[in-house]
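Report on the following structure.
No value in this document is a laboratory result; all are computed from the given coordinates. These figures come from a predicted structure and were not determined experimentally. Quick reminder, even Gly has a Cβ in these numbers, built from the backbone with ideal geometry, and neighbours come from all protein chains shown.
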Amino acid sequence: MNTIGVIGSGTMGNGIAHVFAQNGYQVNLIDIKEEALQKALATIAKNFDRQIAKGRLSEEDKTDSLSRITTFTNVINGVSECDLVVEAATERLDLKKKIFNEIDEAAPAHCILATNTSSISITELAASTRRPEKVIGMHFMNPVPVMKLVEIINGYSTSKEVTKTIEELSKKIGKIPAMANDYPGFIANRILMPMINEAIYTLFEGVGGVYEIDTVMKLGMAHPMGPLQLADFIGLDVCKAILEVLYDGFGNPKYAPCPLLVNMVNAGKLGVKSGEGFYDWTHGTKELVVSKSF
């Protein structure tokens, strides 16, 4: 593994590019918008500065790492010499299938195709390529430079050799891999999303307020962040979409999104990214202020 392609320069994409570049890999960061790429580079540089301030990195390390990132607005050019491509585009099946079809056509025959999806079927994405045995899930956690976990998901056809390669690569970039098989929600979201949904139901049914629910889970269960605060960080639209994947995949009503979650998404209250969810984020992310809606 020498050259890593990363498709999508948003929060997850720039974090993945950051980690690979920091660990000595050449990174081709690909996005259809040049302004998005420039914003991503600025974010990566800022995150390197945070590491420098904490004494975990030197200015020389930052300069060297940034020099290893090349940006592209053309997928074909960006993946043509890659050994691994990690897709980190918007969580939409139609878009991801289109991207996988494009990179399958343009990437070298030996190249492994990975997706950062948190819930979409690896097997279904692999079926849109001519190399299903080389398709795998690499579900990084946000923020990528900080979080140690990477959930590795085997599709139905993923070869054992590819799984082993990605497991070893994950360790080389300082991550701890956890292996999962391709069923709705994998491990992380199959466990996390029903908990978040239940917390929303607890609020919806008037059992407790936003502050009380999150405080119980933080102080009583030793969670670093309450489930409603976490939902705001993830994005309420993303939570709803993942719950729908679980509901569609298992046909079990316990996975159906809470009506309150559905209403909030329909109202555009998506959490941190929209400025309001269960909390009011217009003051920034350092200060927790329960939304006036509650």
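Against the compact-protein benchmark of 2.2 N^0.38 Å, the Cα-based radius of gyration of the stretch 1-82 scales to 1.03. With a simple spin-label model that places each label point 7 Å from the Cα along the Cα-to-Cβ direction, the separation between residue 156 and residue 77 comes to 3.8 nm. The Rg/Rh ratio of the stretch 248-294, with Rg taken over Cα atoms and Rh as the Kirkwood radius over Cα pairs, comes to 1.12. Using C-alpha pairs below 8 Å separated by at least 6 residues, the relative contact order for the stretch 160-288 is 21 percent.
Using the empirical formula 2.2 N^0.38 Å as the baseline, the Cα radius of gyration of the chain reaches a ratio of 1.02. Computed from the Kirkwood radius of its Cα pairs, the Stokes-Einstein diffusion coefficient for the stretch 137-266 at 10 °C and 1.306 mPa s stands at 99 µm²/s. Just to confirm the filter: which GluC sites (Glu not before Pro) across the stretch 79-153 are DSSP coil and have at most 10 other Cβ within 10 angstrom of their Cβ? Counting only loop positions with at most 10 other Cβ atoms within 10 Å, none of the GluC sites (Glu not before Pro) in the stretch 79-153 qualifies. Calculate the translational D of the stretch 1-154 in whole µm² s⁻¹ from Stokes-Einstein, where the hydrodynamic radius comes from the Kirkwood formula applied to all Cα pairs, the temperature is 20 °C and the viscosity 1.002 mPa s. Approximately 139 µm²/s, per Stokes-Einstein. Of all stretches in the chain that contain no trypsin sites (Lys or Arg not before Pro) in a DSSP loop with at most 13 other Cβ atoms within 10 Å, the longest one is 149-285. Residue-wise HN-Hα couplings along the stretch 125-142, as the Karplus relation 6.51 cos²θ - 1.76 cosθ + 1.60 with θ = phi - 60° gives them from phi, are 5, 4, 5, 8, 10, 9, 9, x, 5, 9, 10, 8, x, 10, 8, 7, 9, 9 Hz; Gly and Pro carry x. Length, then width, then depth: along the principal axes, the Cα atoms of the stretch 78-185 run 32, 27, 25 Å. Within the chain, antiparallel bridges make up roughly 25 percent of the DSSP beta bridges whose residues both belong there. For the stretch 125-204, the convex hull spanned by the alpha carbon atoms encloses 109 Å³ per residue. Taking 4 °C and 1.567 mPa s as the conditions, I'd like the Stokes-Einstein D for the stretch 189-274 in µm²/s, using the Kirkwood hydrodynamic radius from alpha carbon pairs. The Stokes-Einstein estimate is 100 µm²/s.
Measure out, as a whole number of angstrom, how far apart the alpha-carbon centroids of the stretch 74-148 and the stretch 188-264 sit. Comparing the Cα centres of the stretch 74-148 and the stretch 188-264, I get a distance of 28 Å. Relative to the longest principal axis of the Cα atoms of the chain, helix 34-53 runs at roughly 80 degrees.
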